[in-house]
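Remarks on the structure that follows.
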Amino acid sequence: MTGTGVPQMQVSVVAVGKAKERYIEEGIAEYEKRLRPYASCEIVEVKDERVPKNASPAEEAKVKEQEGERILAAVRDGALLVALDCGGEMWSSEDLAARLHTWEISGTHEVCFVIGGPLGLSRAVLDRADIRLSLSRMTFLHTLVRVVLLEQIYRAFRIVRGEPYHK
């Protein structure tokens, strides 16, 4: 249970590929630890596909399709699916906090954020998504997005609880 008397929400992040850089692994571990009082957090890494050098659009689509199948297989039934997509809605930290709060009090048990590989997400994943969210118009290393996302989720829970952190 959270401090609000609401059962703890499950937050999962399904991401393509392994985070190999030590600083990224450390950032992920830090925010997983910080999130424990607020939500059950799980990071699921699915295998990435090798992108052929000078890949054609058809080859790129095939890579995204294969990765998308793995992503969708990792998403639990009933989870609210938020796809991180450069064409998605842009929210402030307060917007994310408001959404998390709404999901929490409405009985949403699991929110699953999905992060694609370097080529993005397949059409099947985008079609399955309940929400498409963009963190920025900028392009980020797809493994670094995990840290940015987890930090924003942590910040959102702090905002919802009225706890100091957000400025």
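The values are calculated or read from the model by the stated rules, or taken from the named source; none is laboratory data. Here the structure is a predicted model, which is why all the values come from computation and not from measurement. No Cβ is skipped: glycine too gets one built from the backbone with ideal geometry, and neighbour counts run over all protein chains shown.
Could you check segment 132-167 and list, in sequence order, the residues that are under 21 Å from Tyr23 (Cβ atoms), polar (S, T, N, Q) and at pLDDT 95 or above?
Passing the criteria: only Gln152.
Ala39 - would you say it is surrounded by 14 or more Cβ atoms within 10 Å (Cβ to Cβ), closer than 30 Å to Val160 by Cβ, of a type outside the set (Ser, Thr, Tyr) and more than 15 Å from the chain's Cα centre (by Cα)?
no
Which of the numbered conditions does Leu126 fail, given that it passes all the others? Conditions: (1) farther than 14 Å from Val11 by Cβ; (2) in contact (Cβ under 8 Å) with a residue 24 or more places away in the chain; (3) in a loop (DSSP other than H, G, I, E, B).
(3)
What pairs can you find where one residue is in segment 143-156 and under 18 Å from Arg132 (Cα atoms), the other is among the basic types (Lys, Arg) and assigned to a helix (DSSP H, G or I), and their Cβ atoms are less than 9 Å apart, with a gap of 6+ or different chains?
Within 9 Å, the pairs are Leu150/Arg34; Ala156/Arg99.
Among the numbered criteria (1) within 21 Å of Glu32 (Cβ to Cβ); (2) over 12 Å from the mean Cα position of the chain (by Cα), which one does Leu133 miss?
Leu133 satisfies all of (1) within 21 Å of Glu32 (Cβ to Cβ); (2) over 12 Å from the mean Cα position of the chain (by Cα) except (2).
Going by the structure shown, is Gly116 touching a residue at least 60 places away in the same chain (Cβ under 8 Å) and small (Gly, Ala, Ser)?
Against the criterion (touching a residue at least 60 places away in the same chain (Cβ under 8 Å) and small (Gly, Ala, Ser)), Gly116 qualifies.
Quickly run through segment 119-139 and pick out the residues that are touching a helix residue (DSSP H, G or I) at 6+ places or on another chain (Cβ under 9 Å) and either more than 21 Å from Pro57 (Cβ to Cβ) or surrounded by 17 or more Cβ atoms within 10 Å (Cβ to Cβ) (or both).
Hits for segment 119-139 are Leu119, Gly120, Leu121, Ser122, Val125, Leu126, Arg128, Ile131, Arg132, Leu133, Leu135, Ser136.
Can you pull out the residues in segment 78-117 that are farther than 17 Å from Ser40 by Cβ and in a loop (DSSP other than H, G, I, E, B)?
Once the filter is applied, which keeps residues that are farther than 17 Å from Ser40 by Cβ and in a loop (DSSP other than H, G, I, E, B), segment 78-117 yields Trp91, Ser92, Ser106, Gly116.
Just to check your reading of the model, which residue among Glu94, Glu69, Glu21 is at pLDDT 95 or above, farther than 28 Å from Arg161 by Cβ and surrounded by fewer than 16 Cβ atoms within 10 Å (Cβ to Cβ)?
Glu69
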